[in-house]
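> One structure coming up, written as structure tokens, with questions to follow.
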Amino acid sequence: MAEISSRKSPVIVITGTPGTGKSTHAQLLAEESPIPLKHINVGDLVKEKGLHDGFDEEWQSYSVDEDKVLDELEPLASEGGIILDWHTCDIFPERWADLVVVLRCDHTQLWDRLEKRGYPLKKIQENNEAEIMNVVIDEARSSYAEEIVVELKSEGTEDLESNVSRIVQWIQAWRKDRGFTDQEM
Ligand SMILES: Nc1ncnc2c1ncn2[C@@H]1O[C@H](COP(=O)(O)OP(=O)(O)O)[C@@H](O)[C@H]1O
């Protein structure tokens with residue numbers, strides 16, 4: 001069983017291979033949530049706050065300093081009311097997460113999305129392979145209690161809308177279980 005946190009607002013992790021729709025889901029969820037939720041795009045935070053050891057030209061990505069990321073996020077996670085949007089999740093301590101959503105996408109569709117984003121071929125191939133090999137879902141399942149990990153398809157706008165309304169329902173149930181009313185933040 002996952003440990004019950006004392007937070008009034010949950011920490012929701014939205015993870016998945018790059019291009020599966022994490023930011024799109026997190027933005028819509030922040031708009032539709034019944035309680036305020038701050039969307040934290042961890043990749044953007046790494047860039048803005050310099051939580052890295054430099055940029056890898058070959059892979060066109062930052063070499064992330066995970067300790068710095070954890071130090072930066074710890075106070076926010078303790079407070080709750082955040083959506084953590086990142087392509088990996090196993091660095092986040094188990095006690096942080098109330099819900100871990102893993103987005104999935106058909107690999108040919110994912111390839112197109114990453115091509116449109118202008119990723120180098122090598123990076124498209126690496127991510128495409130990771131999606132086929134279930135890398136992120138396996139990582140989530142081995143890092144968190146089974147009952148808080150949810151795998152959701154993200155291939156069209158209907159998926160986006162139904163996924164977000166499902167998470168909204170989950171937030172309502174999470175708060176009700178803890179005896180919070182809609183007015184009480
Ligand atoms: N469920 C979906 N339906 C339609 N388009 C989507 C969906 N999820 C993502 N996309 C599109 O795929 C691209 C990548 O989405 P994004 O949210 O930036 O992915 P990520 O944050 O996982 O890298 C965007 O152009 C977005 O509009």
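> First compute the accessible area of the range 1-132 with a 1.4 Å probe, then give the percent of it belonging to carbon and sulfur atoms.
C and S atoms contribute 46 percent here.
> Residue farthest toward the positive end of the dipole of the chain, with Cβ of Lys/Arg at +1 and Asp/Glu at -1: which of Ser61, Ile171, Cys105?
After comparing all options, I get Ile171.
> Another question, if that's okay. Per residue, how large is the accessible surface of the chain? Use a 1.4 angstrom probe and give square angstrom.
Details: 9890 Å² over 185 residues.
About 53 Å² of surface per residue is accessible.
> Pull out the extension gain between Gln125 and Ala173, defined as 0.36 nm times the separation in residues minus the alpha carbon to alpha carbon distance; nm, one decimal. Don't skip to the answer; put the middle values down first.
Values: separation 48, 0.36 × 48 = 17.28 nm, distance 3.93 nm.
Once the chain is fully extended between Gln125 and Ala173, it gains 13.3 nm.
> Enter the angle in degrees (range 0 to 90, nearest 10) between the Cα long axis of helix 22-32 and the first principal axis of the Cα atoms of the chain, meaning the one along which they spread out most.
So the helix axis and the longest Cα principal axis differ by about 30 degrees.
> Modelling each spin label as a point 7 Å along the Cα-to-Cβ direction, I'd like the Gln27/Thr108 distance in nm, to one decimal.
2.7 nm
> State, to one decimal in nm, how far the label point of Lys116 lies from the label point of Ser142, with both points 7 Å from Cα in the Cβ direction.
3.3 nm
> With a 1.4 Å probe and all protein chains kept in place, how much accessible area does Arg141 have, in Å² rounded to the nearest 10?
Around 140 Å² of this residue is reachable by solvent.
> A follow-up question, please. Can you tell me the dipole magnitude for the chain around its Cα centre, using point charges on the Cβ only (Lys, Arg +1; Asp, Glu -1), in Debye to the nearest 20?
Details: 20 positive and 38 negative charges, 104 e Å.
In total the dipole reaches around 500 debye.
> Report the charge-dipole magnitude of the range 57-119 in Debye, nearest 20, computed about the Cα centre from +1 at each Lys and Arg Cβ and -1 at each Asp and Glu Cβ.
Dipole of the range 57-119, to the nearest 20 debye: 380 debye.
> Using DSSP, restrict attention to beta bridges with both residues in the chain and report what percent are antiparallel, rounded to the nearest 5.
So the antiparallel bridges amount to about 15 percent of the total.
> Suppose the chain between Asp65 and Thr181 were pulled fully straight at 0.36 nm per residue; how much longer would it get relative to their current alpha carbon spacing?
Gain on extension, Asp65 to Thr181, equals 37.9 nm.
> State the extension gain, in nm to one decimal, for the chain segment bounded by Glu79 and Glu161, taking 0.36 nm per residue of separation less the distance between their alpha-carbons.
Full-extension gain reported as 26.8 nm.
> Moving on. Please list, in chain and number order, the residues 5+ apart from Arg104 or on another chain whose amide H is under 5 Å from its amide H, with Hs placed from the backbone.
Under 5 Å from the amide H of Arg104 lie the amide H atoms of Leu152, Lys153, Ser154, each far enough along the sequence or on another chain.
> If you don't mind, there's one more thing I want to ask. Using only DSSP helix segments of four residues or longer, with each worth -39500 (n - 2.57), what per-residue ellipticity at 222 nm results for the chain after dividing by its residue count and rounding to 500?
Rounded to the nearest 500, the figure is -14500 deg cm²/dmol.
The values are calculated or read from the model by the stated rules, or taken from the named source; none is laboratory data. Just so it is clear, the model here is predicted, and its values are computed rather than measured. Using ideal geometry, Cβ is built from the backbone for each residue, glycine included, and neighbour counts are taken over all protein chains shown. The area values use the complete protein model at the heavy-atom level, side chains included, leaving out ligands, DNA and RNA. Shrake-Rupley method; radii C 1.70, N 1.55, O 1.52, S 1.80 Å.
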